[in-house]
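The values are calculated or read from the model by the stated rules, or taken from the named source; none is laboratory data. Computed from a prediction, not measured in an experiment: that's the story for all the values here. Neighbour counts are summed over all protein chains in view; Cβ atoms, including those assigned to glycine, are modelled from backbone coordinates with ideal geometry.
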């Protein structure tokens, strides 16, 4: 079973509708770029491989910042990425902040922590 299939039914509803593209650069696989999207109305807060047309925002981040944001939960690396340009947001920054932490409910935070633990388990990253 794919991790997304396991987690999607357990995902809490988003507080706000968001359509966000994610572009991870410098990946050690494929062509060095991984594209995914989050559409909270169509699939919850979990990234889906692909790209949305006309998103609310696009988050471009390097591979270390992506690992820090989605797997290891290291806010210092994420903040450093933002400050150095390794992580940038094109579009609605306020919406991205709501989606990724500032406006999350306790239920959403617990779900995100569970998803990160599952990602850590399958990637062997701590």
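Inside the range 49-67, can you point out the residues that are within 11 Å of the chain's Cα centre (by Cα) and farther than 20 Å from residue 87 by Cβ? Passing the criteria: none in range.
The number of residues in the range 72-108 being touching a helix residue (DSSP H, G or I) at 6+ places or on another chain (Cβ under 6 Å) and exposed (fewer than 13 other Cβ atoms within 10 Å of the Cβ) comes to 0. Counting only strands (runs of 3 or more DSSP E) that sit wholly inside the range 15-126, those with at least 2 residues that are modelled with pLDDT under 90 are 33-39. Of all the criteria given as (1) under 24 Å from residue 121 (Cα atoms); (2) in contact with a strand residue (DSSP E or B) (Cβ under 7 Å, 6 or more places away or on another chain); (3) touching a residue at least 12 places away in the same chain (Cβ under 8 Å), the one not satisfied by residue 70 is (2). Check the range 45-61 and report whether any residue there is closer than 26 Å to residue 123 by Cα, without any contact (Cβ under 8 Å) to a residue 40 or more places away in the chain, in contact with a helix residue (DSSP H, G or I) (Cβ under 8 Å, 6 or more places away or on another chain) and surrounded by fewer than 18 Cβ atoms within 10 Å (Cβ to Cβ). Looking through the range 45-61, none of the residues is closer than 26 Å to residue 123 by Cα, without any contact (Cβ under 8 Å) to a residue 40 or more places away in the chain, in contact with a helix residue (DSSP H, G or I) (Cβ under 8 Å, 6 or more places away or on another chain) and surrounded by fewer than 18 Cβ atoms within 10 Å (Cβ to Cβ).
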